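Notes to accompany the following structure.
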Amino acid sequence: MTLARRLLRTKPTERIVAEGGRGELRRTMSLWQLTLFSVGATLGTGIFVILGQAVPKAGPAVVLAFALAAVTALFSALSYAELAGTIPVSGSSYSYAYATLGELVAWVCGWCLMLEYAVSVAAVAVGWGEYLNAFLRSLSGFELPEAITRSPGQEGGVVNVTGIVIVLLATWLLLYGASESATANAVFVLVKVAVLVFFCVVAFTAFSSRNLAPFAPMGVAGITAAASQVFFSYIGFDAASTAGEEARNPRRDLPLAILLSLVLVTVVYMLVAVAAVGALPWTDFDSRSTEASLSHIADLASGATWPGLVVSFGAVISIASVVLTTIYGQTRILFAMSRDGLIPRVFQRVNPRRQVPVANTLIVAAFVSVLAGLVPLGQLAEATSIGTLFAFAIVNVGVLVLRRRSPELPRGFRTPLFPVTPVLGAILCVVVMAGLARVTWLAFGLWMLAGLVCYFLYGYGHSRLNAEVR
């Protein structure tokens, strides 16, 4: 077999599903838990951390930026839903690419997912210290020093110890088991939804239509640029797809969980964005100090400090939920890649009592802790967006390929308006990627180059699929 054929050799869908059904991981998650897992991985990131950076780019039209990002995410979510119901395993888009586009593309997709999940965890963990300080300041007047709540490069930052702490707390929960983690996440999600509804009620009391004019001061270019940034806030709707081997009824529940979570998150984002820009003139948003912007708006809208205290508490809980679910997703993708031999077997080892990949979880936690402690938020957010968009584009193409190659496969969900939906999904991913900064593209190119080096130095030689044809 030639090198090109080896690199593009696909793994049979039936084999991927069979390997995922061996029972290495315990099937305990219901539709409700899966939906909340995706909501937990998504809701909070953009609103609590990114909104303040996006408003100066688009003005009040940041609402349209959220809508554009949501539409972009929806097309990809429909493709994810179809493939999750067809290939219900832990690997998410990595496994879907392996079944449709071949090993090299699967590796690239998995490498992008490492960027998406690991870096997005670090990005939200970076903002956790700011909200923790806002909460402590409102509660008692005490706050932690900037040296341990900000990253190097930020004013006064040395090491973001608070970011490291929240990663370690989430890791501790994950080591107890998937069911216990899902229960904790359900509580976190209900709390943060309640807090965001509370914020909307408070902010709408100070709503002024004058704050919405001019609506789009930066024009279409500003809306597109903001959409590219706030797309980061939709990362995570695919988290349920990483639980394919721990779902009770994966073919039915995974597609439903993905779509339900995206609808719920979009409604909340739109309401919060309208409330925020209606309560505070867009020119008053400071892109240099955005981590605690919602609590600041709540205080201004009410003329008191206790609403900001409530919002800050919600952010502390919200970001903890994102960290928990996203680390979970990262470990399950690495588990699938290890099972295929593309990364070391240590990532595949499962604790027989807890039925969780302990070493895998600890390694991911260590890597994320370093990022959270040492890298500023803004750079992390855009680097995550480009990796995610690339993976989403691959998933859209994968739906087209699998429908053509294996139309007879049982599917728990079929993408409507095929093939228009996945085609538009792929195109919109490229459009949003084009709005990202050059430095982000440079960082992505270097990341891809490093990934190819790793594949040819280790993955290609240890691939279990390639070993069969030698």
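Okay, here's what the table says:
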quantity	calculated
Estimated vicinal HN-Hα couplings, Hz - segment 404-415 in sequence order (Karplus 6.51, -1.76, 1.60; Gly, Pro = x)	6, 7, 9, x, 7, 4, x, 10, x, 7, 10, 4
Calculated diffusion of the chain, Stokes-Einstein form, Kirkwood radius summed over Cα pairs, 10 °C and 1.306 mPa s, µm²/s	72 µm²/s
Euclidean distance between Cα centres, segment 108-147 to segment 203-282, Å	19 Å
Interatomic Cα distance distribution for segment 1-78, bins of 5 angstrom, percent	3, 10, 11, 13, 13, 12, 10, 10, 10, 6, 1, 0
Cut-off under 5 Å, modelled amide H: who pairs with Arg9 long-range	Glu103, Leu104
P(r) tail fraction, segment 126-206 - alpha-carbon pairs more than 16 Å apart, %	66 percent
Note, ³J(HN,Hα) from phi for segment 261-268, Karplus 6.51, -1.76, 1.60, rounded to Hz, x at Gly and Pro	5, 5, 4, 4, 5, 5, 4, 5
Neighbour-count order for Glu14, Glu246, Glu155, Glu24, fewest beta carbons within 10 angstrom listed first	Glu155, Glu14, Glu24, Glu246
At R0 = 60 Å, FRET efficiency that the Cβ-Cβ distance of Val267 and Ala4 yields, to 0.05	0.80
FRET E, pair Glu155, Asp286, Förster distance 22 Å, beta-carbon r, rounded to 0.05	0.95
Packing-based exposure ordering (other Cβ within 10 Å, fewest first) of Trp128, Trp447	Trp447, Trp128
Extension gain (nm, one decimal) between Glu143 and Phe418, 0.36 nm per residue minus Cα-Cα	93.6 nm
Inter-label distance, nm, simple model (7 Å from Cα along the C-beta direction), Leu136/Arg210	3.9 nm
Where a label projected 7 Å from the Cα of Arg354 along Cα→Cβ would reach, residues of segment 12-34 with amide N under 17 Å	24-28
Phi-based couplings in Hz for segment 340-349 (Karplus 6.51, -1.76, 1.60; Gly and Pro marked x)	8, x, 7, 10, x, 5, 4, 6, 9, 5
Dipole magnitude (debye, nearest 20) for segment 30-467, charges at Cβ of Lys, Arg, Asp, Glu	1000 debye
Neighbour-count order for Lys57, Lys192, fewest beta carbons within 10 angstrom listed first	Lys57, Lys192
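Read the figures in this text as sums done on the coordinates, not as results from a lab. Remember, predicted model here, so these are calculated numbers, not experimental data. A quick note on method: Cβ atoms are made from the backbone with ideal geometry, for glycine too, and the neighbour counts reach across all protein chains shown.
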